[in-house]
Amino acid sequence: MIYSSLLFIYGFFPAALLLYSVTPRLHREKTMLVLSIIFCCSFGLFTAGILTLSILLNYVAGRITERFSSGAAGKAVLCLIILADIAVMFLFRADDLPGKTGELFLSIAYPLGISFFTLSAVGYQLDVFRGRCSAEHDIIRFSLYLIMFPKLIMGPLVSYGNYLRISGRRNFSIGSIGGGLAVFVRGLVKKLIGADLLYMLYSAVRSTDTGELSALSAWLGAAAYLLCVYFELSGFSDMGTGLGRCFGYSFPAAFRHPVLSSRITKFLSRWHMQVLHWFRRYILEEIFPYTPHRWLKALVTAAVCGMAGFLYTFTPNGMVCGLIIGAAAAAEQLPAVRRLPRASGAAYTFIIILFSGVILSGDTITGSLSYMLAMLGSNHSLADSLSLYLLGSYVLILIIGFFVSSELMRRSLQRVRRSRLYYIALAAEPVITLAFLALCTAMMSYSGSSAMLMFKL
Amino acid sequence: MKRITDAITAILVCGFVLLITAATALNIIKGGIALPGSGISALLSDGSFVRSISSGFTDSFTERLEWISADARIGSALGESIVNGVYMTDERLLDAENTPKKAFPGTASAVLGFAERYDGAVYFAAIPTSAGVYGELLPEYLSTLSTNTEKQVIDELYSQLETGVRKIDAYNILKMVSDNYIYFRTDNKWTGYGAYCVYRTVVQKLGFQPIAYDKYTIEHLTDSFCGELYSKTRYMKCKPDIIDIYEYTGGAEVTECTAIDSDGREYSCELYDRSAAQGEDMYNIYPGAVSAYFRIKTTVTNDRRLLVIGDDFAPAFLPFLVQHYSEIVMLSPEKISGGITQYADPDDFEQTLFLFGADTLCQSGELVRLLDDVKEE
């Protein structure tokens, strides 16, 4: 069951909200855990069993690590539990693991959100080991941190300390439900109207042989892919954040209009912020004290970005995509690059992000390279009937897509907030939210869901 | 002010959601939800339990047809020509699922195995869908996929069906007469006339002379047929379809029709089910459209028997064969849960005709399953 389905929106969600609202405040965490377990069970009881076992192991390991944090036993337990957590993620996500072709794995449903589950668990263990937070004694609260259904599929990803703060300041009210629903519907719109429509453009380009692709078609496909990835990831993050808010949890947003940023570093500070923050906090900051040279720091930054890229696809392409972005971010520290005017920065950032997207989207590096060559006109065709048809059909959604995913939208929103328009927009919000929910319902009414996922994180 | 609008949003949206949930729940209580047969294992392993609940919930969703129609109308108003995988033109609706096509693995070897096992002659007719024949109406990137690959699927399959199976080139026959009303405007399947055009060739391969078109009395049974593609969009700019039935008054007559449905219930019936013209799916007018097994006995005295194994394309084809055989049996693999021999022994038939749409050949492994069953027997 995913958020963008009729069963979730009109079945699970209202039932969950009703149950949660009639539960006395003291027992709401328990109710939320029961609801989250039911949500996990939608991927199959076997999968839910593996997740439960992993929760128990992490709970026990956290307690042991805390008790023996300065000794070898604590370090050994920490290493073992981190390896176990990563092994579970690899087990589900890596398609070509030896022996994974057996019937057992083919028949098990893929647990969406296993990557976020793993990152949360590993982050918790490291925080406990470093003394940034105490090991949790309350198994209910700890379980909820890992499998809470509003943040299970694609985040929001928060450290355990932050989660405790958010959980402690829970505010469940009619206002929080309304605010949450508005964010949830915004995420739904991003997924159904942004990601799904642009995926049609992308797949139309991808269905054409790369050797016959005109340059315009190739650029359209690359742009569609970039926006599609943004809308899907930020859509699910918004849906998760919105759901959390409906139940009183104020999780932070994961994206801040990153497309068309003026620098790669700015892009990285706005793209999937919590995931990239995780890599910074738990890997970069752990390694940096041992890297005295600037060039070594740059190398480590690129490598960690490569790991983050790998997380998206679990393929070499994902890693290469991350490495390129990481290398570009490191290169930006050079004075010559820093001095580049804002417009040039925006141009090279866009080109690097777009070409990295091409690598991310490819099955192989060579396939992606041929696609890039097609973008550069290697097929001796700048535009053909396909590209003109696609441009005519999708130009509007591409323009809107780039606008809403970029800083332009952020600035426009800021301007609106300072003007009288803000009150008009605020007054119209309930009707607009309802209208978009009805539109999304119509769009899901045939298949029952929008289950197309580019990344199964 | 933000608090007030948030509260209004909560009341409006929650009210809307609860209203729909309650109406859908009522529909579910009335109709129920079919759960997967393998209950516990589905619940334990692959999530199919929840998938089937989700599918049942969607089917029971309140005013679902209106929602689907609204989706198509909004899409059309916004200039979107593809809705729910259907390409909408003024002329017709076409399947625009952007998926690469390939015959289901093992289809050719299963048919060859069948041909080897039995003494009778085996014929194979792979029929393109309307998107295969009218692919030029689709946007270029889709027409490349549907036209070429449907043709490629058929060509590739035929190249694998070496000796022992006689192949019928329905694709080129239909392509040649594509200016005529050979496919429904609102469905993937052919019309009675489309079936007749292929019949003219098929029946000669089967060893008979075709009945001339003008010998048939054609009755327009309904002019309001809206096919499967319409049901995906509930909206169309083109006209609904006509269902014709063909009767050769001076020819052989049908003496008996027996059908067995997918639940194993046997019953007598007429060649054409005229009552289906008032039903939800008017295509069920054609013989055997709803049954797993359909047997026709005729007054033809040549004692020749034909076994037809086919999908949704076969029922419109069957009436033309009535003039040539004393007995015809049609089996629909998708509606049969057991093996062929539960219904008929292929050795009793001197000819077997496989007749499948290209879409079924790509998507469904039921034919392979059915023939595997024969191999085991």
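Read-outs: derived from the displayed coordinates by stated rules, not from any lab. Every value quoted in this text rests on a predicted model; they were computed, and no experiment measured them. Here Cβ is always computed from backbone atoms with ideal geometry, including for glycine, and neighbour counts include all displayed protein chains.
With each label point set 7 Å from Cα along the Cα-Cβ vector, what nm distance links B:D169 and B:Q152?
So the label points at B:D169 and B:Q152 sit 2.1 nm apart.
How large is log10 of I(q)/I(0) for the stretch B:268-377 at q = 0.10, 0.18 Å⁻¹ when the intensity is taken from the Debye formula with one equal scatterer per alpha-carbon?
For the stretch B:268-377, the Cα-only Debye profile gives -0.29, -0.92.
Quick one: putting +1 on the C-beta of Lys and Arg, -1 on the C-beta of Asp and Glu, what dipole do you get for the stretch B:51-185 around its Cα centre, in Debye to the nearest 20?
The dipole magnitude comes to about 300 debye.
Would you mind putting A:183-191, A:330-338, A:417-425, B:279-287 in packing order, based on average other-beta-carbon counts within 10 Å, highest first?
Per-residue mean Cβ counts within 10 Å order the peptides as A:183-191, B:279-287, A:330-338, A:417-425.
Take the Cβ-Cβ distance between B:D90 and A:S70 as r, set R0 to 56 Å, and report the resulting FRET efficiency rounded to the nearest 0.05.
0.15
I'd like the distance between the alpha-carbon centres of the stretch A:407-423 and the stretch A:293-322, rounded to an integer number of Å.
Computed from Cα coordinates, the inter-centre distance equals 36 Å.
Which of the residue pairs B:K30/B:K102; B:K205/B:K335; A:K191/B:K335 have a Cα-Cα distance greater than 32 Å in the structure shown?
In this structure, B:K30/B:K102; A:K191/B:K335 lie more than 32 Å apart at Cα.
How crowded by other chains is A:432-445, given as the mean number of beta carbons from other chains within 10 Å of each beta carbon?
5
Looking at chain A, what % of the alpha carbon pairs are farther apart than 33 Å?
Cα-Cα pairs of chain A separated by over 33 Å account for 39 percent.
To two decimal places, what compactness ratio does the stretch A:6-171 give when its Cα radius of gyration is scaled by 2.2 N^0.38 Å?
Dividing the Cα radius of gyration by 2.2 N^0.38 Å gives 1.09.
Once every DSSP H run of n ≥ 4 in the protein assembly as shown is given -39500 (n - 2.57) and the sum is divided by its residues, what mean residue ellipticity at 222 nm do you get, rounded to the nearest 500 deg cm²/dmol?
-17500 deg cm²/dmol
How large is ³J(HN,Hα) for each residue in the stretch A:408-419, as worked out from phi by the Karplus curve 6.51 cos²θ - 1.76 cosθ + 1.60 (θ = phi - 60°), to whole Hz, x for Gly and Pro?
Values per residue, Gly and Pro as x: 4, 5, 4, 5, 4, 4, 4, 5, 4, 4, 8, 10 Hz.
Any chance you could check the Cα centroid distance between the stretch A:154-220 and the stretch B:255-330 for me, in angstrom?
51
What is the log10 of I(q)/I(0) for the stretch A:154-285, computed with the Debye formula using one identical point scatterer on each Cα and no solvent, at q = 0.20 Å⁻¹?
-1.12
Calculate the radius of gyration of the Cα atoms of the stretch B:93-376 to one decimal place, then report Dmax, the largest Cα-Cα distance, as a whole number, both in Å.
17.9, 52
Name the helices (complete DSSP H segments) of chain B with a Cα length along the long axis of 24 Å or more and a Kyte-Doolittle mean of at least 0.5, or state none.
Within chain B the helices that satisfy the rule are B:2-31.
According to a simple spin-label model (label point 7 Å from Cα along Cα-to-Cβ), what is the distance in nm between B:T201 and A:R169?
That separation, rounded to one decimal, is 7.4 nm.
Calculated FRET efficiency, A:I287 and B:S81, Cβ-Cβ r, R0 30 Å, to nearest 0.05?
That gives a FRET efficiency of 0.05.
May I have the convex hull volume per residue, in Å³, for the Cα set of the stretch A:384-427?
Taking only Cα atoms, the stretch A:384-427 has a hull volume of 78 Å³ per residue.
Calculate the FRET efficiency for A:H137 and B:K2 from the Cβ-Cβ distance with a Förster distance of 45 Å, rounded to the nearest 0.05.
0.75
Over the protein assembly as shown, consider all pairs of different Cα atoms and compute the Kirkwood hydrodynamic radius from their mean reciprocal separation; express it in Å, one decimal.
Across the protein assembly as shown, the inverse of the average 1/r is 30.0 Å.
Per residue of A:298-307, how many C-beta atoms from partner chains lie within 10 Å of its own C-beta, taken as a mean?
0
Assuming 0.36 nm per residue, please report the length gained on full extension of the stretch A:R294 to A:R411 beyond their Cα-Cα distance.
38.7 nm
Using a 7 Å offset from the Cα along the Cα-to-Cβ direction at both B:Q363 and A:A87, what is the distance between the two label points in nm, to one decimal?
4.3
From other protein chains only, count the Cβ atoms within 10 Å of every residue's Cβ in A:3-15, then give the mean.
For peptide A:3-15, the averaged partner shielding equals 5.
If you take the Cα Rg of the stretch B:211-342 and divide it by 2.2 N^0.38 Å, with N the number of residues, what do you get?
1.11
Relative to the present Cα-Cα distance, how much length would full extension add between B:S159 and B:D303 at 0.36 nm per residue of separation?
Separation in residues times 0.36 nm, less the Cα-Cα distance, equals 48.5 nm.
If packing is taken as the average count of other Cβ atoms within 10 Å, what order do A:11-20, A:314-323 fall into, highest mean first?
Descending packing order for the listed peptides: A:314-323, A:11-20.
Hand me the trypsin sites (Lys or Arg not before Pro) from the stretch B:173-247 located in a DSSP loop with no more than 12 other Cβ atoms within 10 Å, in residue order please.
B:K237
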